[in-house]
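Everything below concerns the one structure shown next.
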Amino acid sequence: MNSKRVLMLILIGLAISAVIFGIGINRLDYSQENNTVDIKSIEKQLDHLRNIQKDADSVFMEDKKVRELINGKEYLKTLEIIHNESYVEDFYWIGFQYKRSEDCKGYKMVGGKIYKFGIDLSNKTVLSVEEAENQTPEMREIKDEEFMDGAYTCIHSLALIRSFAGLWHPLQRWVYPFKVEGNGEVRLKHKLSTNAQGWGCFKHHVMIEEIYNKEKFFLNELDIPENKKAWCNGDKLPRFESRYDRESITCEVTYPREGSVWEIIKPRNWPSDANFSYWWDVWVKPNQTIMFDVAVKLESIENARNTYETTHDWRVVFTSPPSPDKMSLEEMKKYGIEYDPPYGTYAHNPIIIVKKEE
């Protein structure tokens, strides 16, 4: 059984999703006064992103190394990270082939490799070309790390978003599952310190919120055991609570304090390592541009009262493909759609993940 069919079986309940474009931007305006979204500002932001992408595409296609690499091969952009207005990292799936499906009615996209291209927009040059790590045609991963010093502790927070190939649903919707994961680590600066009694990982908070074109899509919490998990190195299990409504999903993972309240000799600390994972999916109408935010916050503690927060904040933007129902196979290829009956119709459309800076 090939990897795509294995992935289909594993994520069938998740309604498998599509290729990601990850984008990190530091100079865009994300301000929301009184939680009111400025639609005109968002549309300007989208135009700005498109202009950066257009410039990067032009530099990419004019580079000699790139032309030699893609010469005569199929290629598809799978991820784009815009660090600022001068530097972009583009990820391309190069050298895949269209293989007829078993019933000869459709095709699969197989083979090839994922490459990362570092693009300098100021000098209009491709600075680097290398095979990408932790990226596959079926899965995209965007990571973010934060470090912070407390009075007596060092805090490390890692968060990531994953997305999978999109699935066309009979209800005339594209379904995009996403997964967010968080890892927190708290360590004493000095192992013999006695001033940091009551320290460790306290909570993880997750907020997923619709922002733009809300009437064209909705968030869906998955009611299956694998949907949400939490674990730590303490002696008690974390508590994972989630709340879902029409326009947002909120999660809170609380990590328990170790030991007994009657324990006097040994100080009672929280876990030094804490982790969670959470799945949800997005149902969107065909040919629509949508936007939602994902925020992950780690709250650590020391002296049983002083808390520190590290935050990871993304804005997700993408345009879903048109309905594939009446498309020819050539039209599907144009939109990056993979038609593989009876396993499904998958969309490899660009998705943007914008890293929001404070």
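Here are some notes:
- Scanning segment 215-226 for residues that are in contact with a Gly (Cβ under 9 Å, 6 or more places away or on another chain) and either surrounded by 16 or more Cβ atoms within 10 Å (Cβ to Cβ) or basic (Lys, Arg) (or both) returns a single hit, LEU222.
- Residue list for segment 337-358, filter: farther than 16 Å from SER323 by Cα, among the β-branched types (Val, Ile, Thr) and open to solvent by 10 Å² or more (accessible area, probe 1.4 Å): ILE352
- Number of the exception - PHE91 against (1) within 24 Å of SER320 (Cβ to Cβ); (2) open to solvent by 60 Å² or more (accessible area, probe 1.4 Å): (2)
- Of all residues in segment 241-277, those satisfying the criterion of being closer than 23 Å to HIS156 by Cβ, modelled with pLDDT of 95 or more and open to solvent by 30 Å² or more (accessible area, probe 1.4 Å) are GLU252, ASP273.
- The sole residue among GLN197, GLN172 that is surrounded by fewer than 17 Cβ atoms within 10 Å (Cβ to Cβ) and under 21 Å from ASN269 (Cβ atoms) is GLN197.
- The listed residue being open to solvent by 30 Å² or more (accessible area, probe 1.4 Å), touching a residue at least 12 places away in the same chain (Cβ under 8 Å) and closer than 30 Å to ALA230 by Cβ, out of GLU146, GLU85, GLU74: GLU146
- Top-ranked residue of segment 292-313 - restricted to ones that are of a type in the set (S, T, N, Q) and more than 21 Å from LEU160 (Cα to Cα), ranked as least open to solvent (accessible area, probe 1.4 Å): ASN303
- Residue pairs whose Cβ atoms lie under 7 Å apart, separated by 6 or more positions or on different chains, with the first residue in segment 314-334 and open to solvent by 30 Å² or more (accessible area, probe 1.4 Å) and the second among the hydroxyl-bearing types (Ser, Thr, Tyr) and assigned to a helix (DSSP H, G or I), do not occur.
- Scan segment 53-87 for residues that are of a type outside the set (Gly, Ala, Ser) and outside any strand (DSSP E or B) and the total you get is 21.
- Hits in segment 281-291 - residues which are among the hydrophobic types (A, V, I, L, M, F, W, C) and either outside any strand (DSSP E or B) or surrounded by fewer than 24 Cβ atoms within 10 Å (Cβ to Cβ) (or both): TRP283, VAL284, ILE290, MET291
- Selection count, segment 97-115, where residues are within 14 Å of LEU69 (Cβ to Cβ) and crowded, with 18+ Cβ neighbours inside 10 Å: 2
- Test set (1) under 20 Å from the mean Cα position of the chain (by Cα); (2) in a loop (DSSP other than H, G, I, E, B) - ALA151 fails condition number: (1)
- Residue match in segment 45-55 (condition: over 22 Å from the mean Cα position of the chain (by Cα) and either modelled with pLDDT under 80 or not polar (S, T, N, Q) (or both)): yes
The values are calculated or read from the model by the stated rules, or taken from the named source; none is laboratory data. Note that the structure is a prediction, hence the values are computed from the model and not measured. Backbone-built Cβ (ideal geometry, glycine too); neighbour counts: all protein chains shown. Quick note on the areas: whole protein, heavy atoms, side chains included, nothing else; ligands and nucleic acids left out. Shrake-Rupley method; radii C 1.70, N 1.55, O 1.52, S 1.80 Å.
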